[in-house]
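K.L.:
The structure is given below, and queries will be raised subsequently.
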Amino acid sequence: MNFKKSRMLTFKIVLILIFGLIVYRLYSIQIKDVYSLYGKYHRYKKNRELLPAERGLIYDRNGIALAGNLQIFKLEFHPGIFSQQLSDSLSNYHLKEKFREISDIVARSASRKSEIIFERINKFYYKNPNGFELIKDITVKEKDEILTKLKNIGVEGVYSLPQESQRVYPKQELAASLIGLCSENGAESGIEKYFDDTLTGDDGWLEVIRYGTGENRHFSQLERKNPVPGKSIYLTIDAHVQTILENNLEWGLKRSNAENAMGIIVTVDNGEILAMRGISKNWQEKSINYQHSLPIYPISWRFEPGSSLKPIVALFAMERGKVVSQDTFDCKTRRIGSREITDVEEFGKLSTKDIIVHSSNVGMSYLVDKIPDNYLYKRLVDFGFGYKTGILLGNESPGVLRRPNHWSEFSKHSLAFGQEMSTTAVQLVCAYAAIANGGKLLQPSIIEKITNYKGETERRNESTVLRHIASPTYLDTINTFLQAVVEEGHGKPAKMDYFKIAGKTGTSEKYENGKLKRGKYVAMFAGFFPADNPEIAMLILMDEPDHEHRFGSLAACPVFKKTVQELSVLPSSNLLEKVHLAESEYTVVPDCKGLPVPKAVELLEQKGIKYCFSGEGSYVEEQYPKPGFSILNKSSVQLVRTR
């Protein structure tokens with residue numbers, strides 16, 4: 001009997017234990033660990049959801065954001081964490097009031113309907129105790145505001161997750177084509193495309209449980225790899241300088257009724273591009289994305305340099321020793337074979353300097369006769385024509401410069417005044433920067449530095465000298481020629497009162513698809529300033545101005561001058577300071593003309609000025625630079641002797 005009772009008791013205990021295990025298992029499944037997150041085996045399949053990395057930003061040289069990201073977030077509500085802060089005695093009524101308070105905060109901050117948020121909390125609070133999506137498609141500002149307000153009322157268990165990132169351009173159309181476009185289709189143009197790998201970060205992921213509804217849910221117990229943001233790029237562009245350039249290009253475009261306008265500004269010492277842009281008529285009527293998708297015209301659009309090439313060809317003639325500054329040429333209409341070379345107005349005798357000042361095609365034809373074909377080609381290549389500059393941007397054009405074996409009988413003379421070749425704005429401005437800086441042809445740079453997401457600099461731009469292209473002595477002479485162009489020649493509309501400009505106008509015929517567009521011109525002015533102590537080189541170009549403004553002096557010079565005026569008064573500019581500094585670092589050239597050579601030498605030595613001679617004789621007939629010009633203390637003056 002006792003044995004039977006013992007067996008019955010054992011049986012009951014076993015049944016109770018089995019029942020307890022079943023109850024515990026049901027509790028584990030239904031309440032404690034719905035998704036079997038902690039076990040070795042999982043009842044639900046885990047997936048990985050992508051966490052996109054934030055794209056790196058693009059800044060100007062001063063840290064002004066030119067391209068950024070609009071982060072879109074979603075919020076998840078975790079009832080399990082939320083309930084831990086509640087007292088056990090909290091009634092259902094008070095719980096609903098708490099839901100209402102949360103709903104109102106979320107709705108007001110995100111401009112949504114409170115009732116919809118409230119219904120969602122009611123629906124999923126008990127159904128999904130491990131978390132559910134509360135709201136999506138909110139900005140970082142809305143996200144921060146919601147989380148702050150919920151924290152202030154003691155609510156925990158609401159967390160944010162990145163949903164997506166949209167590329168935005170805070171300065172809208174400023175430097176648009178240079179920055180480029182990054183859309184939902186990826187990086188499409190400009191800096192965005194060329195440096196896409198640099199700007200793109202490493203995506204992260206998080207493990208999620210997929211609901212029967214198809215929704216993914218992440219829980220704190222699951223694994224997660226955080227994304228690493230992309231690197232940020234600081235450009236050499238100055239947003240303030242870029243604004244001035246773009247505003248003045250628009251002013252010049254309307255003033256001359258041109259179809260297109262283009263400008264580029266670089267530092268002569270290190271080749272950093274401070275601003276560049278190409279615009280068209282009614283450009284501001286186009287969408288922001290359209291403007292950001294356009295080509296970078298200053299590096300891709302080709303044009304004949306026209307008369308802006310003349311000072312460079314004159315330099316070649318002088319350095320060959322075949323021409324000196326005081327040589328004169330009969331610049332009346334000239335016939336070479338079946339070709340007649342003329343000027344806008346007929347000149348008589350012109351010196352080498354005056355050929356540049358008055359932009360004589362006839363005079364240039366005589367100068368280029370002194371230069372062998374192969375030497376002319378080689379020296380043009382030395383100045384960067386016919387080859388890409390190497391700027392770190394895509395779709396740069398090398399321009400067109402044919403080898404001498406492909407020239408016609410007229411090609412050499414055409415090249416003397418900038419025809420039968422094409423260049424880009426960046427090539428031409430770099431050539432003028434080389435004249436200004438004493439002969440260093442620099443690789444133009446657009447990147448100042450690249451930083452990682454921690455703000456640490458990983459790469460910094462260093463000036464690259466491609467080659468030395470001419471002797472400073474000859475370049476000083478060309479500088480005086482270019483100053484004279486502005487003081488007394490076609491560049492007068494660019495003349496300023498408080499410092500000197502050096503530059504050259506250019507007007508070329510317009511070609512399209514290899515065919516001449518009769519009556520259509522490209523007008524330009526390339527130069528640098530202050531001429532006595534060069535800091536900036538700039539090119540202004542107007543494409544197809546109306547007939548009244550078809551010359552570079554009328555279409556481009558006024559834009560150049562207005563741009564310089566506005567640049568010189570920027571708070572960050574030291575242009576005016578350099579003018580004052582020039583008084584101590586520069587020496588004014590005395591007047592030696594007509595003096596006996598020993599007397600002229602004595603006068604120069606008293607001022608500590610070096611000198612050199614050309615010609616024979618006992619008197620000084622001419623001098624370069626001219627009397628009154630300012631030169632660097634270490635520069636020299638050329639004295640032309642006569643009997």
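The values are calculated or read from the model by the stated rules, or taken from the named source; none is laboratory data. Remember, predicted model here, so these are calculated numbers, not experimental data. Cβ placement follows ideal geometry from the backbone for every residue including glycine, while neighbour counts extend to all protein chains displayed. Just the protein is used for accessible areas: all its heavy atoms, side chains included, with ligands, DNA and RNA removed. Shrake-Rupley method; radii C 1.70, N 1.55, O 1.52, S 1.80 Å.
K.L.:
So P472 clears everything in (1) in contact with a Gly (Cβ under 9 Å, 6 or more places away or on another chain); (2) closer than 22 Å to F303 by Cβ except one condition, right? Which one?
P.N.:
Result: P472 fails condition (2) only.
K.L.:
Regarding the range 338-347, can at least one residue be identified that is surrounded by 21 or more Cβ atoms within 10 Å (Cβ to Cβ) and in a helix (DSSP H, G or I)?
P.N.:
Checked the range 338-347: no residue is surrounded by 21 or more Cβ atoms within 10 Å (Cβ to Cβ) and in a helix (DSSP H, G or I).
K.L.:
State yes or no: is Y194 in contact with a Gly (Cβ under 7 Å, 6 or more places away or on another chain), of a type in the set (S, T, Y) and open to solvent by 10 Å² or more (accessible area, probe 1.4 Å)?
P.N.:
For Y194, the condition - in contact with a Gly (Cβ under 7 Å, 6 or more places away or on another chain), of a type in the set (S, T, Y) and open to solvent by 10 Å² or more (accessible area, probe 1.4 Å) - is met.
K.L.:
If the Cβ limit is 8 Å and pairs must be 6+ apart or interchain, which residue in the range 565-590 that is within 21 Å of A239 (Cα to Cα) and at pLDDT 70 or above pairs with which residue that is open to solvent by 30 Å² or more (accessible area, probe 1.4 Å) and of a type in the set (A, V, I, L, M, F, W, C)?
P.N.:
S568/L576; V569/L576
K.L.:
Tell me yes or no: at least one residue of the range 472-480 is under 22 Å from E535 (Cβ atoms), open to solvent by 30 Å² or more (accessible area, probe 1.4 Å) and of a type outside the set (S, T, Y).
P.N.:
Yes, the range 472-480 contains a residue that is under 22 Å from E535 (Cβ atoms), open to solvent by 30 Å² or more (accessible area, probe 1.4 Å) and of a type outside the set (S, T, Y).
K.L.:
I'd like to check something: does the range 449-460 contain any residue that is at pLDDT below 95, aromatic (F, W, Y) and out of contact with any Leu (no Cβ under 8 Å at 6 or more places or on another chain)?
P.N.:
yes
K.L.:
Right, here's the next one. Could you identify the single residue in R167, R120, R112 that is open to solvent by 30 Å² or more (accessible area, probe 1.4 Å) and over 43 Å from the mean Cα position of the chain (by Cα)?
P.N.:
Every option except R120 fails the conditions.
K.L.:
Pull out all pairs, ordered by first then second residue, where Cβ-Cβ is under 9 Å, the residues are six or more apart or on different chains, the first lies in the range 270-288 and is over 15 Å from Q242 (Cα atoms), and the second is assigned to a helix (DSSP H, G or I) and open to solvent by less than 20 Å² (accessible area, probe 1.4 Å).
P.N.:
What qualifies is G271/C430; G271/A433; S280/L253; K281/L253; W283/L253; W283/Q291; Q284/Q291; I288/A176.
K.L.:
What number goes with the only condition from (1) of a type outside the set (S, T, Y); (2) open to solvent by less than 60 Å² (accessible area, probe 1.4 Å); (3) out of contact with any Lys or Arg (no Cβ under 9 Å at 6 or more places or on another chain) that V313 does not pass?
P.N.:
(3)
K.L.:
Quick check: anything in the range 139-149 in a helix (DSSP H, G or I), open to solvent by less than 10 Å² (accessible area, probe 1.4 Å) and either touching a Lys or Arg at 6+ places or on another chain (Cβ under 6 Å) or at pLDDT 90 or above (or both)?
P.N.:
yes
K.L.:
Okay, moving on. Run down G321, G384 and say which single residue is among the small types (G, A, S) and surrounded by 13 or more Cβ atoms within 10 Å (Cβ to Cβ).
P.N.:
Checking each option against the conditions leaves just G384.
K.L.:
Could you check the range 422-441 and list, in sequence order, the residues that are within 25 Å of Y474 (Cβ to Cβ), of a type outside the set (K, R) and open to solvent by 10 Å² or more (accessible area, probe 1.4 Å)?
P.N.:
C430, A436, N437, G438
K.L.:
Taking the condition of being more than 25 Å from P229 (Cβ to Cβ) and touching a residue at least 60 places away in the same chain (Cβ under 8 Å), how many residues in the range 138-167 meet it?
P.N.:
4
K.L.:
Hey, could you check the range 47-66 for residues that are closer than 20 Å to D203 by Cα and either within 15 Å of the chain's Cα centre (by Cα) or without any contact (Cβ under 8 Å) to a residue 60 or more places away in the chain (or both) and say which is surrounded by the most Cβ atoms within 10 Å (Cβ to Cβ)?
P.N.:
Looking at residues that are closer than 20 Å to D203 by Cα and either within 15 Å of the chain's Cα centre (by Cα) or without any contact (Cβ under 8 Å) to a residue 60 or more places away in the chain (or both), I get I58.
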